[in-house]
Amino acid sequence: NETQVNAAAHPYPVYIGENLRHHTSDYLPKDYASILIVSDESVSNYYLSDVMAGLSQENVFSHTIPAGEQSKNINTFYQLHTKAIECGLDRKSLIIALGGGVVGDVTGFTAATYMRGIDFIQMPTTILAHDSSVGGKVAINHEHGKNMIGNFYAPAAVIYDVQTLYTLNAKEIRSGYAELLKEALLADKNLYEDLIAMDLNSLDSQKLIQHLTKGIEIKAGIVEVDEQEAGIRKHLNLGHTLGHALESLLGYGAWTHGELVAIGMLFALKISEDNYSAELPFEEIYTWLRNNGYPLQLPNIDPEMILAKMKNDKKTLNQKIQLVLLRGIGQPTLLEINDEQLLTYIS
Ligand code: NAD
Ligand code: ZN
């Protein structure tokens, strides 16, 4: 299954299928003399040797970083540059990000800056990374904020082997599927119907290929029109204003990104219903999330603190919170909401 993404810098192919990792060479857009594969500890245990064996090039190197969000920092970034120099990578070399969004973001940012930019390829191994691997945003965190240091840098290709997704734990599956549900709500009623009928305990490859392809097409379609997020790319933040605020208040670990985005989407759905008297399937979504084990009960947090965090968001304009709401499935819209109204929903 092949989809093309037309990024501003250059178009790139997205391959989605089974067992692609065993034939990685077949999907490279060029013949690279040297390749550095970056992955994290869990992913490298499972899949690094498969990918190495699937590359026919002579100079293939690898580097493994600790798993988790705390690796998305300036030290890892610097270590990756050191590794690239030690391996003798030049401007004609390739860096492959084999992993989830963390590996993709820090590796992509390394590729964007190493010798002013060399090719990189995303090999996503999480469902959530369907989102991070297209759209060209690469970044590391600063201690004062997430994704504070970064760039827009499109990959040369995305190679998505759905067979790697079966080793994900339930929380990571929920995290990725929340983001797919978001894309469905933004743009695709059929995808929505398909997702809402699903049981996340029984993944199947054909469904995964279908869902990830759709999700990527929706994201790519939005990003192609508005790469720099001046307009409709903002719609991709559905559920994220509250989701990000909760993420920074709860820390990383107990809750995944998507689980908090799911709570953020329920919140946006409620506000949408009240503001547009829209017929939205709030109950259906709530039930589906609950049945699939999404934690929907928030720990006790002071609503004023949540509100303050929401205002801290990079995307907040002059202290006014602008939320992505829905007039219906496939009809996203932006609305400025005042503090009092917001507080009644988070309390
Ligand atoms: P992640 O990369 O930390 O992966 C989650 C966990 O799953 C890790 O512990 C990892 O080791 C493990 N894992 C990965 N693949 C596995 C596999 N196949 N089998 C078993 N375990 C596996 O996190 P994520 O959820 O993929 O991505 C989150 C990151 O993505 C965040 O840093 C977020 O900011 C970023 N992100 C970026 C964009 C973007 O546009 N660049 C978009 C969305 C999210
Ligand atoms: Zn997200």
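The values are calculated or read from the model by the stated rules, or taken from the named source; none is laboratory data. Worth saying up front: this structure is predicted, and the values here are computed from it rather than measured. All Cβ positions, even for glycine, are placed from backbone atoms using ideal geometry, and neighbour counts span all protein chains on display.
Output the residues belonging to segment 224-263 that are among the small types (G, A, S) and either more than 14 Å from ligand 1 (Cβ to nearest atom) or closer than 27 Å to A7 by Cβ (or both). Explain how you work it out, then say what you get.
Residues of segment 224-263 among the small types (G, A, S): 230-231, 239, 243, 245, 248, 251, 253-254, 258, 262.
Correct list: A230, G231, G239, G243, A245, G258.
Which of the following residues is closer than 29 Å to L289 by Cα, at pLDDT below 95 and not aliphatic (A, V, I, L, M): K171, K182, K146?
On the way: K171 fails: at pLDDT below 95; K182 fails: at pLDDT below 95.
From the options K171, K182, K146, the qualifying one is K146.
Pull out all pairs, ordered by first then second residue, where Cβ-Cβ is under 6 Å, the residues are six or more apart or on different chains, the first lies in segment 24-52 and is on the phi < 0 side of the Ramachandran plot, and the second is of a type in the set (F, W, Y).
These pairs meet every condition: Y27/Y15; L36/F61.
For segment 66-90, what are the residues that are under 19 Å from L128 (Cα atoms), assigned to a helix (DSSP H, G or I) and touching a helix residue (DSSP H, G or I) at 6+ places or on another chain (Cβ under 8 Å)?
Here is the first cut: in segment 66-90, the ones under 19 Å from L128 (Cα atoms) are 66-72.
From what's left, assigned to a helix (DSSP H, G or I): 69-71.
Those that are under 19 Å from L128 (Cα atoms), assigned to a helix (DSSP H, G or I) and touching a helix residue (DSSP H, G or I) at 6+ places or on another chain (Cβ under 8 Å): E69, S71.
Could you check A184 against (1) crowded, with 18+ Cβ neighbours inside 10 Å; (2) under 24 Å from V43 (Cβ atoms) and say which number it fails?
(2) is the only condition that A184 fails.
G100: within 10 Å of ligand 1 (Cβ to nearest atom), outside the structural domain of K234 (by TED's automatic domain parsing) and either in contact with a Pro (Cβ under 8 Å, 6 or more places away or on another chain) or not polar (S, T, N, Q) (or both), yes or no? Reasoning before the result, please.
Working: within 10 Å of ligand 1 (Cβ to nearest atom): yes; outside the structural domain of K234 (by TED's automatic domain parsing): yes; either in contact with a Pro (Cβ under 8 Å, 6 or more places away or on another chain) or not polar (S, T, N, Q) (or both): yes.
Answer is yes for this residue.
If I159 meets every condition in (1) crowded, with 21+ Cβ neighbours inside 10 Å; (2) within 16 Å of ligand 2 (Cβ to nearest atom) apart from one, which number is that one?
Against the list (1) crowded, with 21+ Cβ neighbours inside 10 Å; (2) within 16 Å of ligand 2 (Cβ to nearest atom), I159 comes up short only on (2).
Any idea which of G117, G99 is surrounded by fewer than 18 Cβ atoms within 10 Å (Cβ to Cβ) and either at pLDDT 95 or above or within 25 Å of L250 (Cα to Cα) (or both)?
On the way: G99 fails: surrounded by fewer than 18 Cβ atoms within 10 Å (Cβ to Cβ).
G117 is the lone residue from the list that is surrounded by fewer than 18 Cβ atoms within 10 Å (Cβ to Cβ) and either at pLDDT 95 or above or within 25 Å of L250 (Cα to Cα) (or both).
Mind checking whether some residue in segment 213-222 is within 12 Å of ligand 1 (Cβ to nearest atom), outside the structural domain of Q122 (by TED's automatic domain parsing), not in a helix (DSSP H, G or I) and not polar (S, T, N, Q)?
no
Tell me which residues, restricted to segment 110-137, are in a loop (DSSP other than H, G, I, E, B), more than 20 Å from V162 (Cβ to Cβ) and within 13 Å of ligand 1 (Cβ to nearest atom). If you could, list the steps in order and put the result at the bottom.
Taking segment 110-137 as the starting set, the residues that turn out to be in a loop (DSSP other than H, G, I, E, B) are 117-118, 125-128, 134-136.
Narrowing the set further to residues that are more than 20 Å from V162 (Cβ to Cβ) leaves 117-118, 136.
G136, the sole residue that qualifies.
Could you say which residue among E304, E336, E284 is touching a residue at least 60 places away in the same chain (Cβ under 8 Å) and surrounded by fewer than 13 Cβ atoms within 10 Å (Cβ to Cβ)? Before the answer, list the steps.
Details: E304 fails: touching a residue at least 60 places away in the same chain (Cβ under 8 Å); E336 fails: touching a residue at least 60 places away in the same chain (Cβ under 8 Å).
Every option except E284 fails the conditions.
Can you pull out every residue in segment 138-160 that is more than 7 Å from ligand 1 (Cβ to nearest atom), in contact with a Gly (Cβ under 7 Å, 6 or more places away or on another chain) and either of a type in the set (A, V, I, L, M, F, W, C) or not in a loop (DSSP other than H, G, I, E, B) (or both)?
Residues satisfying the conditions are I140, F152, A154.
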